[in-house]
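A short write-up of the structure that comes next.
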């Protein structure tokens, strides 16, 4: 049986989070770590360390983009970038117990694909190097409605902005990207 979707996703960022294991060790139970390795030579070793922390703390571990690494280490699933979201159904068929999430930066992306949940970004202004212009609450709400599945807000999400989303009934799940350690 597949795990339930976590309420919070923490996305690793090799530039902004030098020690993702330390962040994972502090996440509340029921959260998830999305490990994005971007080709790091120690990717498998770090993924295995994150898996051990996830198991010990009641977390979910998703591997960014790398289905083969996720399978090798026994991760709980994968997060696909928008350009690979069309592969979600094939991944789910090959790994029916996995959680599969996909990035969505546009209405078309939010509407398509078979991911269990979409990660809509950029929700609010963000310091992430890859962040584009913020959607803001109105456009974010449109993407969430278009998704017709669970949606996470990513980009500029903090205690204050998450509260705004929850209070407005826009979203019940949140993601944070690259906390500094």
### Task
Pop the C-beta distance of residue 158 and residue 72 into the FRET formula with R0 = 25 Å and round what comes out to the nearest 0.05.
0.15
### Helix-derived mean residue ellipticity, 222 nm - over the chain, DSSP H n ≥ 4, -39500 (n - 2.57), to 500
-9000 deg cm²/dmol
#### Entry: Cα Rg, Dmax (largest Cα-Cα span) when computed across the chain, Å
15.0, 43
### Query
What does the highest-first list of 16-25, 99-108 look like by mean Cβ count within 10 Å?
99-108, 16-25
### Task
Take each of the peptides 89-96, 27-34, average the number of other beta-carbon atoms within 10 Å over its residues, and list them starting from the highest.
27-34, 89-96
### Message
At a 10 angstrom cut-off on C-beta neighbours, averaged per residue, how do the peptides 137-149, 71-83, 112-124 rank from highest to lowest?
### Response
112-124, 71-83, 137-149
### Query
Once label points are set 7 Å from the Cα along Cα→Cβ at both residue 83 and residue 21, what is their separation, rounded to one decimal in nm?
3.1
### log₁₀ of I(q)/I(0) at q = 0.29, 0.30, 0.31 Å⁻¹ - the range 15-63, Debye sum with one point per alpha carbon
-1.19, -1.25, -1.31
### Summary
Most exposed to least, judged by fewest other Cβ atoms within 10 Å, 38, 10 sort to 38, 10
### Message
For 15, 157, which order do you get if you count the other beta carbons within 10 Å of each Cβ and list the fewest first?
### Response
15, 157
### Task
Considering only 156, 64, 132, give the residue with the highest GNM mean-square fluctuation for the chain, with springs between Cα atoms whenever their separation is below 10 Å.
132
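Where a number appears in this text, it was derived from the coordinates with a stated rule and is not lab data. Note that the structure is a prediction, hence the values are computed from the model and not measured. Virtual Cβ from ideal backbone geometry, glycine too; neighbours counted across all protein chains shown.
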